[in-house]
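First comes the structure, then the notes that go with it.
The values are calculated or read from the model by the stated rules, or taken from the named source; none is laboratory data. None of these values were measured; they are calculated from a predicted model. Note that we place each Cβ from the backbone using ideal geometry, even for glycine, and neighbour counts take in every protein chain shown.
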């Protein structure tokens, strides 16, 4: 795939049927890496996702002087925690376009002592981080954006001398990652922390995930819903053995393959009790007419998504693109709402998604917080991916029913799922066809 201009699959002649186990969760991997790196003692992580976003996080801690032994083929990583202070007190960290990495590392390093800069690709310099910087300053951090044109976006310059703790407010409307970053840094503050969320918090399941990972690594906290959080400080994470779940966002593409073709697909390693809120995507498919079977260690979707729905996807916003493609093959319109924050992801996942759905032949109304999708006469075309892994993986699914759907820049899936096209090809019984170089 490396260097390929595009990728496509032939439309399937029979409903897609089979089982798949997707790689580990990016979101859990990067949270576990933060906690394990700051911990006192050694941690062994299994199920670790091998992708650009996790490579970025691992390289950052290596640059900071930590020892990490990563067996990529076994998806296992051993890391010797730094006890709250990395060996290297100065570092320039390149974060590519990993939002979790730059936000979590900025907060974690603010609790240490040293001088650090964090930067990424051009798109990263358009992704907001100002609310996090403001929250950290309320704990005494000397941190600023050095972006000459957008002072609420990276690059970030951090002159760290520890965090005093105490009360702090963080806005919840743009990204839950700001709150998650501050929560993970809170145990290393000098005094007890009380974090209050201003306004509505987006993507609440990701905050629940953060708190669950923190607890697994030995930190105590209290929460009043998703409004106020209390963390006694100072505390320390402790090194542990930790198993990372398969990625529920990645699972959505395979479940959607069943919904689009009327087949039956089982994703292994996930259940209703998963840490990841994106397993709720299966419930959305059930509302569209699919049959969902929850196992102790699996999710199975059967049957076609028959009709459109009106759905608030705030809690599972990383699956918006997947549902948008399913909506192309349902009867009647589908309205997706509650995801205004999707405009600030790897690309504008409302505006750019609307552009590509229209290119396929759908009638799409773009709204401030979502989309209304009305199925139309669909046609094959080249699909731009905007460097966004989720655009590539989700829109590939249109080609299961529509001839000639070609996905440009397939290598962008390396951000979270480098082998996606091969795994999808195995499920479909046909290899992906790469074109150009």
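General observations
- Residue 380 farther than 21 Å from residue 310 by Cβ, touching a strand residue (DSSP E or B) at 6+ places or on another chain (Cβ under 9 Å) and in a loop (DSSP other than H, G, I, E, B): yes
- Candidates 278, 310, 318, 296, filtered to the one that is under 30 Å from residue 111 (Cα atoms) and in contact (Cβ under 8 Å) with a residue 12 or more places away in the chain: 318
- Residue-level check: of (1) under 22 Å from the mean Cα position of the chain (by Cα); (2) surrounded by 19 or more Cβ atoms within 10 Å (Cβ to Cβ); (3) within 22 Å of residue 237 (Cα to Cα), residue 51 misses just (3).
- Within the stretch 273-287, if we keep just the residues that are in contact with a strand residue (DSSP E or B) (Cβ under 7 Å, 6 or more places away or on another chain) and surrounded by 22 or more Cβ atoms within 10 Å (Cβ to Cβ), the residue that is farthest from residue 211 (Cα to Cα) turns out to be 285.
- Counting only strands (runs of 3 or more DSSP E) that fall entirely inside the stretch 154-228 and contain at least 2 residues that are under 23 Å from residue 84 (Cα atoms) and modelled with pLDDT of 95 or more, the qualifying elements are 156-161, 165-171, 191-198.
This table checks each residue for (1) within 16 Å of the chain's Cα centre (by Cα); (2) modelled with pLDDT under 95; (3) closer than 22 Å to residue 418 by Cβ.
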position	(1), (2), (3)
38	no, no, no
41	no, no, no
44	no, no, no
61	no, no, yes
70	no, no, yes
80	no, no, no
85	no, no, no
101	yes, no, yes
106	no, no, no
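- Among the residues listed as 349, 343, the single one being touching a helix residue (DSSP H, G or I) at 6+ places or on another chain (Cβ under 8 Å), crowded, with 24+ Cβ neighbours inside 10 Å, at pLDDT below 95 and under 26 Å from residue 27 (Cβ atoms): 349
- Condition met for residue 233 (touching a residue at least 60 places away in the same chain (Cβ under 8 Å) and closer than 30 Å to residue 306 by Cβ): no
- Filter result for residue 98 (within 25 Å of residue 248 (Cα to Cα) and surrounded by fewer than 18 Cβ atoms within 10 Å (Cβ to Cβ)): no
- Tally, over the stretch 106-123, of residues that are over 14 Å from residue 139 (Cα atoms), assigned to a helix (DSSP H, G or I) and in contact with a helix residue (DSSP H, G or I) (Cβ under 6 Å, 6 or more places away or on another chain): 0
- Candidates 31, 72, 13, 59: the one that is assigned by TED's automatic domain parsing to the domain that holds residue 395 and either touching a helix residue (DSSP H, G or I) at 6+ places or on another chain (Cβ under 8 Å) or without any contact (Cβ under 8 Å) to a residue 60 or more places away in the chain (or both) is 13.
- Any hit, the stretch 356-373, residues being without any contact (Cβ under 8 Å) to a residue 12 or more places away in the chain, part of a helix (DSSP H, G or I) and touching a strand residue (DSSP E or B) at 6+ places or on another chain (Cβ under 9 Å): yes
- Qualifying residue in the stretch 405-412 (condition: farther than 22 Å from residue 56 by Cβ and touching a helix residue (DSSP H, G or I) at 6+ places or on another chain (Cβ under 7 Å)): yes
- Pair list, Cβ < 7 Å and 6+ apart or interchain, from the stretch 180-191 residues that are closer than 13 Å to residue 141 by Cα and assigned by TED's automatic domain parsing to the domain that holds residue 170 to residues that are modelled with pLDDT under 95 and outside any helix (DSSP H, G or I): 182/170
- Residue match in the stretch 6-22 (condition: in a loop (DSSP other than H, G, I, E, B) and crowded, with 24+ Cβ neighbours inside 10 Å): yes
- With respect to the stated conditions, residue 387 is surrounded by fewer than 19 Cβ atoms within 10 Å (Cβ to Cβ) and within 17 Å of the chain's Cα centre (by Cα).
- Test for residue 131: is it in contact with a strand residue (DSSP E or B) (Cβ under 9 Å, 6 or more places away or on another chain), in a loop (DSSP other than H, G, I, E, B) and either over 19 Å from residue 195 (Cα atoms) or not assigned by TED's automatic domain parsing to the domain that holds residue 343 (or both): no
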